[in-house]
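The values are calculated or read from the model by the stated rules, or taken from the named source; none is laboratory data. All values reported here derive from a predicted model rather than from experimental measurement. Cβ sites come from the backbone with ideal geometry, for glycine too, and all protein chains shown count toward neighbours. Only protein heavy atoms, including side chains, enter the accessible area calculation; ligands, DNA and RNA are left aside. Shrake-Rupley method; radii C 1.70, N 1.55, O 1.52, S 1.80 Å.
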Amino acid sequence: WVPHKITAMASCAPDVPSIETAYSKTSDSITVEFTQVSGASSYILRAESTTGDFFTEISVSNSPGTVTQLQPYTDYQLSVMSVNSGGRSQPSYPTEARTIIMAPMMNTSSPTNTTIQVAWNPVDHAVFYTLCIIREGSSTRLKINTTNAQMTFDELEAGTTYCIKGTAWDPEGHTGDDLTVCQITRPQTPDVTLVRVTQGRSLSISVYWVPVQGATYYLASTSNGLNCSTDSNYCYIIPVECGQNHTVTLEAFNNAGPSSPSPPADYKTYPCPPDNIWLEEPTAGSCLVRWDPVDHVDYYITFIKNDDGSEETCNGTTTSCPFYCTCGYTYFTSVFPHNQAGSSLYSPIRNYTTIPCCPQNVTINLISTETLEVTWSPVKGAELYETNAVVQGEQRVVQCNDTAPVCALSDLQCNSAYSVKVIPCCEHRGCNHTCEPHLHQTAPCSPEILNMTQLSGSAYRVDYSAPNDHNTSYTVTATGRYDRHVCQSNGSSCDLTQLACGVTYEVTAVAIASVGWSLPAFTKVLETGPCCPASVNVTQVTQAMSNVTWQMAKGARSYVTALSSPRGSARCHTTDTHCVMGCITCGTNYSLSLEAFSSTGHMSQCSYHGFSSSPCCPTGIRFYPLVNSTLRVRWHSSGPRLHRHSVDLLGAGANYSCEAAVGATYCDVHHMACGDVYTVMVEPEGGHFCQPRTFSVPCPGSNAGFGEC
């Protein structure tokens, strides 16, 4: 084995190339054409400024090669070296070359849609410039030389792209770099074809136009600072306020800038709703909707809807709308202004509640002497009712408030005419004070019993106060246990008649008027006198003494009985129902009076007539014989001769009798047997108290005489 041995083989650098030519195509580079040598893998170009302040080397693969990053219009010494693995060759013989001047750095603009303005900073060492302009899509060129640093091309087409190539010339007459810039002219002024106000969730305007050449987008602007942009032929400006009268202009834009604004196009947005809407009711039933004026309005439409669902409208150019309104209703009103753009999108809704209607079917009833019950039909829209009652000419008002259609007015004055007014009220409109009052009288005031005076045994006069007007009557009632008596009067007294005796009555009085009755007066007690006995019997016990009896009288506790005649009187006071009375002579007519007293001292005077004592018994009886066995009996009468007398003779063997005519004082007994003793009774007719007498009757020729045994 023989160890490996690395041997360095010697390699020679390639030959030196030579520069054939060097020239500058751009202001920052020089291109070198050189001969290529065998064995070279690459080449190195060297550039060095003639002033010595710049040096650079670049590697190139073959010829030609270009040195870059040079300064314009500057002289450089250029050389080339070949390179391979053995190294680089020696530099070639240097060649001097100059970079061309730089192209003018043009700035272009289009101040109008028919002009392009080109401006640049002066190029060092340039003596003049050449500008060449060509319209895009055209073969026509325009070349202009100028020594100025700006140029304006006019009479161009709007919205068209023009390319401009600019070249500077150095003093040696060489052209420098060329620079081409393209510039579009501003668009032609567009025309607005339509402006339309669009109503939706928000108000907007739609602007339409015809597209113009060269425009990349459009800007529509309003006179109040709103705008919209688009690359289409329409756009929307959102949002737009109501009630505006503005203009809109349109500009077309491209890279050059905007076109001239289009002529302003007028537009109006729909009107704003009125700021203030109110309702008035100058007179009942006549309502008026009013509102503040609104700008840019052609006419108004007013909607009036009430709470029963019905609706009416009115339109006009004025700021008011009259309509008929019914009491007790709530009206909802809205006003929509209109113009050529349309109607306002909304309107404030104002509600107005008319004053409640006056109640119908008002009924007033006197439910007690000082209380009026007022009822009425419910009223639409009324939330509360005020019921007032006032006496005409007075200030005191009796009032009740309630939500129900009924009210009781109490604590009123009796015998008074009240003006009653039912006033419906609601929260929004207050109360309707225009309702007509209703007159109603309260019950009469109660009378007061002042005095009761007895007119007769069964009649009493009741005096009472009469506190009411002359159209009031009064009824007095006396109520006993088993009966009831009534009298009526328009005055201040009334006579109760045919009252029962011996009864205690409760007496009251009440006033009666067309509206009703008063409360009864406080009751007073009336005790009538005792009853007179239904019958009185007088029984003559003796010729001068009588026994008077009577039935128990109702209400009587004691009695005073009196017998009266022209020949005297007798009196008896007792608690019994009988009394023995003397001192009454026979044959006398007399009257009987009886006073019945109650336990409280009330007295009834009872009178009885047609009583008489029995006839007086005859006296001085004598017998006188006559012929033919006839006996005459004579006597004396002490009283008036008003009665017939009867004579009875009762003997052992026979009885005899005769009667005397009225006024006669004798009587003849015929065929009488003599020589006997007789019991003789001579009595006036109706007499019962005469005593019999015994007489003997002798026969004729006897020496015995008539005599009383």
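For the chain, the share of accessible area belonging to carbon and sulfur comes to 48 percent (1.4 Å probe, ligands and nucleic acids excluded). Over region 494-552, the hull volume per residue, using the convex hull of the C-alpha atoms, is 105 Å³.
Per residue, the chain exposes an accessible area of 52 Å² to a 1.4 Å probe, with every protein chain left in place. If the segment from residue 486 to residue 408 were pulled out straight at 0.36 nm per residue, it would be longer than the present Cα-Cα gap by 24.8 nm. One compactness figure for region 251-351 is 1.57, namely its Cα radius of gyration divided by 2.2 N^0.38 Å.
Dipole of the chain computed with +1 at Lys/Arg Cβ and -1 at Asp/Glu Cβ about the Cα centre; of 289, 171, 127, farthest Cα towards the positive end is 289.
A DSSP coil position with no more than 16 other Cβ atoms inside 10 Å describes none of the chymotrypsin sites (Phe, Trp or Tyr not before Pro) in region 425-477.
The charge dipole of the chain, taken about the Cα centre with unit charges on the Cβ atoms of Lys, Arg (+1) and Asp, Glu (-1), comes to about 4380 debye, rounded to the nearest 20.
Relative intensity of region 211-305 on a log10 scale, I(q)/I(0) at q = 0.24 Å⁻¹, equals -1.20, per a Debye sum over C-alpha point scatterers of equal strength in the absence of solvent. Computed from point charges on the beta carbon alone (+1 for Lys and Arg, -1 for Asp and Glu), the dipole magnitude for region 277-360 about its Cα centre is near 60 Debye. Seen from all directions on average, region 238-282 presents a Cα convex hull projection of 5.1 nm². The distance separating the Cα centre of region 606-621 from that of region 152-215 comes to 172 Å.
Semi-axes of the equivalent ellipsoid for the chain, please: Cα gyration tensor eigenvalues, times 5, square-rooted, ordered largest first, whole Å.
177, 29, 17
Comparing 44, 455, 31 along the charge dipole axis of the chain, the residue lying farthest to the positive side is 455, per the Cβ-charge model. Annotation: average projected area of region 564-696 is 10.1 square nanometres, based on the convex hull of Cα atoms across all directions. Of all lysines in the structure, the ones whose alpha carbon falls short of 28 Å from that of residue 524, not counting any fewer than 8 places away in one chain, are 554. Within the chain, the longest segment free of exposed loop sites, counting trypsin sites (Lys or Arg not before Pro) that fall outside DSSP classes H, G, I, E and B and have at most 12 other Cβ atoms within 10 Å, spans 482-709. Each Lys and Arg contributes +1 and each Asp and Glu -1, all at the Cβ; summed about the Cα centre of region 536-691, the dipole is approximately 380 debye.
Fully extending the segment from residue 471 to residue 178, taken as 0.36 nm per residue of separation minus the present Cα-Cα distance, adds 92.0 nm.
Filter 268/305; 25/143; 305/380 down to the pairs with a C-alpha to C-alpha distance above 18 Å, please.
Values: 268/305 30 Å; 25/143 21 Å; 305/380 16 Å.
Correct reply: 268/305; 25/143.
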